[in-house]
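Here the structure comes first, spelled out in structure tokens, and everything after it is commentary.
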Amino acid sequence: MSLKSFLQSTYAEHLHIVLFGNPVQHSLSPLMHNTAARHHGIDIRYHPVQLQKNELPLIADFLKNDKLKGVNLTIPYKHDFLRFASNLDVVSKKIKAVNGLVKSDQGWKGYNTDVYGFKKPLEAYNAQLKGKKAIVFGSGGAAKAITFALTNLNLEEIIVVSRGPDNVDEKIKQLADHIVSYKVWSNYSSNTALYVNATPLGMKPHLDKSPVHDTEKKYLENSICYDLIYNPSTTKFLAQADRAGAQCMNGLDMLIYQGSKLFELWTDKSFPYSIVKEKLNTTFDG
Ligand code: NAP
């Protein structure tokens, strides 16, 4: 729904949380948060709103509504909404991106829980990663959060692979040890324990694509391959990794964990992880 439709609806008169992004129509976050709220019997609804950049000047007023309990942000607004936060948590201050706003005594506080969401499913592998390299494909918003998360995992080196290494975001340049092109990434594969796909390759409309060429899949052997994409649940990258004997993870847990932290901040209730995960899995299975 558009911002205009939302404002003309009765939704804004009830307790609500809004996801701003563009596009937002395929997001699983409404199902996730509405399931969690229903589980606790909280009378609060989570609505996705497709926001246009030229509507940003309307947001300061939008945030004054007492019935608004929280804001969630996705592409392309994680940077734009920094201006609406009166203070920031440590992570969003470091990476200059927020994925959530939470009401506080000082106004709206900005949070970045993508870093937590990415790291949490990796906890089981921390020992395997220590002293090894990680290679991240892509250098967008998610890659920035991930590169930051990886700096806390005692890795030997972090390598970011980009189609245009010279044009990569300054923050990523500061955090990564090397920014390299697709032509040379395999030169860094020795002692690499983790490969992360942080590109859209593998999701619609790039379903048959992967950042790794079929002739390169041997480099994934015995590693952990983490695709941030969760729909489809097995991307081409993960299929290649599986064939190479790697351990595979998709992005569903990252999505759930980044959302769980925000849900708890917005509502002061514990996040019902198993119930939400089952609901999302059932939805995928059709
Ligand atoms: P983004 O800001 O658009 O960045 C994606 C990056 O991928 C770009 O900066 C680009 O890096 C690279 N890329 C884009 N198109 C490409 C192409 N055709 N071929 C090769 N590389 C390409 O997106 P994002 O927010 O970082 O998201 C990246 C992926 O992570 C998406 O699939 C998104 O759905 C997923 N994600 C998942 C979660 C989760 O909770 N599971 C959270 C956030 C994002 P270069 O220009 O440097 O090559």
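No lab work stands behind these numbers, since they all come straight from the coordinates. The structure displayed is predicted, hence computed values, not measured ones. FYI the Cβ positions are ideal-geometry reconstructions off the backbone, even for glycines, and counts take in every protein chain you see.
Points worth noting:
- If you run the Gaussian network model on the chain, springs between alpha carbon atoms under 10 Å, then out of 116, 219, 125 the most flexible one is 125.
- The fraction of Cα-Cα pairs per 5 angstrom bin, counted from 0 for the range 1-68, comes to 3, 17, 27, 26, 18, 7, 2, 0 percent, rounded to whole percents.
- The range 144-202 - charge dipole about Cα centre, Lys and Arg +1 at Cβ, Asp and Glu -1, debye rounded to 20: 180
- For residue 86 and residue 182, a Förster radius of 45 Å and the Cβ-Cβ distance give a FRET efficiency of 0.60, rounded to the nearest 0.05.
- Here the translational diffusion coefficient of the chain follows from Stokes-Einstein with Rh set to the Kirkwood radius across Cα pairs; for 25 °C and 0.890 mPa s it amounts to 125 µm²/s.
- Counting only DSSP beta bridges whose two residues both lie in the chain, roughly 20 percent are antiparallel.
- As a ratio to 2.2 N^0.38 Å, the alpha-carbon radius of gyration for the range 1-143 is 1.15.
- Inter-part distance where the range 52-98 and the range 114-175 are each reduced to a Cα centre, Å: 24
- Rounded to the nearest Hz, the phi-derived 3J(HN,Hα) couplings of the range 193-208 under the Karplus curve 6.51 cos²θ - 1.76 cosθ + 1.60 (θ = phi - 60°) are 9, 9, 10, 10, 8, 10, 10, x, 5, x, 10, 4, x, 10, 4, 9, where x marks glycine and proline.
- With the helix formula -39500 (n - 2.57) applied to DSSP H stretches of n ≥ 4, the chain reaches a computed 222 nm mean residue ellipticity of -8500 deg cm²/dmol.
- Scanning the chain for GluC sites (Glu not before Pro) lying in DSSP loops with no more than 16 further Cβ atoms inside 10 Å, the longest uninterrupted stretch between such sites is 1-155.
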